[in-house]
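None of the figures in this text is laboratory data; all of them are computed from the coordinates on show. It should be emphasised that the depicted structure is a prediction, and the values quoted were computed from it without experimental measurement. Don't worry about glycine lacking a Cβ; one is built from the backbone with ideal geometry, like all the others, and counts go over all protein chains shown.
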Amino acid sequence: MELLRSLVWMDYKLAVLFAVVFPLGLLIWATVKQSEAIIRLLIIYWRVASLLAITVYLLIAAVPVGYVTSLAARILIPICLWFWVDLNEEIEDIPPKRPLKLCFSAWRWAVSIYMVAGAIAQISSLQCAAQPKAQIITNAFCRLWLEAPWRYKEILHGGFTEGFMAFIGIAGLIIYVTYFLYFVLIRLGKQGRSAISS
């Protein structure tokens, strides 16, 4: 169990690095360099990756659906990074030796591989999504995925109640799912794999 705990904590640390620090740095760099295609793809990335933040708030409150949203985010992030035909073509047209393109391409491949590997490794945690909250908290296996979010709450949200954290997570999830359904059912049919109006 200790090895698994170490792996889960390492996963959270890697997620901060790959899913927050690097793409934020790339977005600032792309903005300075006025690289429109990379900026647009990173904005799309942040919209999709916001599901990771929602997941943290759900897991702080031990809301079972948090295990599902965690896996969903890991699947959606690589898809959003490679889905857009027009952005892929524009990025491909950037001269290959430009440092921004090299760093962006390296990050895009690295985060995609990391997310896919993480999704495969996290499939076993889905059993926790089918359990009631009280059982999740007492189940040693399920608690492993709650420890890092609980630590995050202690550091940044110590004064807020678990109920308030659950409210933030559930409200965020409702907004996210509403936008996602709008995109899939309406926008995707109109614009296909073009990100022009995104």
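For the chain, what's the relative contact order in percent, using C-alpha pairs closer than 8 Å and at least 6 residues apart?
33
Go ahead and estimate [θ] at 222 nm for the chain from helices alone: -39,500 (n - 2.57) per DSSP H run with n ≥ 4, summed, over the residue count, rounded to 500.
After summing the helix terms and dividing by the residues of the chain, the value is -25000 deg cm²/dmol.
Dipole of the range 28-158 (Lys/Arg Cβ +1, Asp/Glu Cβ -1, origin at the Cα centre): which of CYS103, TRP29, LEU126 lies farthest to the positive side?
Of the listed residues, the answer is LEU126.
Once you measure Cβ to Cβ distances between cysteines in the chain, which Cys have no partner under 4.7 Å?
Taking the Cβ cut-off of 4.7 Å, the unpaired cysteines of the chain are CYS80, CYS103.
Mind computing the radius of gyration and Dmax over the alpha-carbon atoms of the range 2-191? Å is fine for both.
Values for the range 2-191 (Cα only, Rg and Dmax): 17.7, 55 Å.
What are the DSSP H helices in the chain that stretch 24 Å or more along their long axis, judged by alpha-carbon atoms, and whose average Kyte-Doolittle hydropathy comes to at least -1.0?
Counting only whole DSSP H runs, the qualifying helices are 36-60, 65-82, 99-122, 140-156, 162-182.
Below 30 Å, Cα to Cα, which lysines can LYS101 reach? Residues fewer than 8 away in the same chain don't count.
Correct list for LYS101: LYS13, LYS33, LYS190.
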